[in-house]
Structure formats: structure tokens, C-alpha cells
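Below is one structure, written out as C-alpha cells, with a few remarks after it.
Please treat every number below as a calculation from the coordinates, not as lab data. All values reported here derive from a predicted model rather than from experimental measurement. Note that we place each Cβ from the backbone using ideal geometry, even for glycine, and neighbour counts take in every protein chain shown.
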Amino acid sequence: MVFDSKLQRKIMGGFATGVTVVTCRVGDELHGMTANAVTSVSLDPPLVLVAVAKSAGFHAQLSAAGSFAMNILTAEQEELSNRFAMKGAKPFDDIPLQTSETGTPVFAEGLGFVECKVAEVLAGGDHDIFLGEIVAGEARDGEPLLYFAGGYRRISG
């Protein structure tokens, strides 16, 4: 029996997640994708993962880059989440970036980031799972941008 993918989406939509923009550099070109299929995997070695649809344009870019940054967004960065959720090239010229270890674009603003070298790529159905070994990172203060039941949410209380 095949499980209904619409039901899966509805069920998993009840799991509140933070929102990130995963970025990479291929040559002189900067690329990014909004992602909430991300998680910390291991502390020793320090690993995170991002799941990317094989059909996404970002998949080929991330495969070619060999490194990526996971930029964790604040509640004030909803516009960036929407921008990087769209297909096609995205402008980076109005985003403050900071110097990074691997040359990957890292947002200078947000809740923080981890910068990673791709350690392994694992098959995951219609997605590939990119395991990244963290080489640099920073935590900052702020309110997270959350996604729940098909929309953005804020922490109340």
C-alpha cells in the first residue's frame, strides 16, 4: 500500500519548524534555497543535513559547490524566505553578507548560521540528503521565523 502524499504533507505540516536559507557558491555565482527540511545530526563530528528535491535547480548547484551555509532566519526575514522559495535566480545584492571560511555566502543578519563542507550525499526518495560537516558558525539573538500548517508563525507569550 502506498501512503497518500497529501495526507503526509498535512500531517507533517503540523510539525512547526524553523526556516533557513541554504546558500552556496559555484564559481562567481551565488545560489540559495529556502529550506525547513534541515536538522542537526551529530555533535562529534559536527554534522547537519539538508534535504533537497532532485528536481530542484538548487540540487545541481549544491552538488557542484561542495560546501553550503545554512542561514537561520528571524521573524523579520519573511521576505527573504519568500524570495528564496521561488524558482529561478535570486538577487543577493541587497543582502548583507559576511566573510566565510569556504567562500559560501553567509547572511550577516539572522539567528545565526552554520557553514559546512559536504561530507556525504545520501539518497532519500525524490530528495537527496546532503550531510554537511560544520566548519564555522555563529549564534545570534532574535525571534525565529517559524513555519506551521502552511504559513509563517511567531512565538507568542
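One table, with the values for the structure above:
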| read-out | value |
| --- | --- |
| Summed side-chain charge close to Gln98 - residues other than Gln98 whose Cβ falls under 13 Å, Lys, Arg +1, Asp, Glu -1 | -3 |
| Coarse-grained scattering of region 1-152 at q = 0.12, 0.15, 0.16 Å⁻¹, given as base-10 log I(q)/I(0) from a Debye sum over alpha-carbon atoms | -0.48, -0.76, -0.87 |
| Global geometry of region 1-40, whether rounded, prolate or oblate, following the gyration tensor of its Cα atoms and the 1.5 cut on a/c | prolate |
| Cα radius of gyration and Dmax for region 22-66 (Å) | 11.5, 32 |
| Inter-site label distance for Thr99 and Ala136 at 7 Å from Cα along Cβ, in nm | 0.8 |
| Normalised contact order of the chain, rounded percent, pairs of Cα under 8 Å and 6 or more residues apart | 28 |
| For region 101-157: rounded, prolate or oblate by the Cα gyration tensor [a/c cutoff 1.5] | oblate |
| Charge tally in the Cβ shell below 9 Å around Lys54, where Lys, Arg are +1 and Asp, Glu are -1, Lys54 excluded | -2 |
| Three semi-axes of the equivalent ellipsoid, region 67-128, Cα gyration tensor, whole Å, largest first | 21, 17, 12 |
| Note, ³J(HN,Hα) from phi for region 5-17, Karplus 6.51, -1.76, 1.60, rounded to Hz, x at Gly and Pro | 5, 5, 5, 4, 4, 5, 4, 5, x, x, 9, 5, 10 |
| Length gained when the stretch Glu109-Glu79 is fully extended (0.36 nm per residue, less Cα-Cα span) | 9.5 nm |
| Net charge of Cβ neighbours under 12 Å - reference Ala16; Lys, Arg +1; Asp, Glu -1 | +2 |
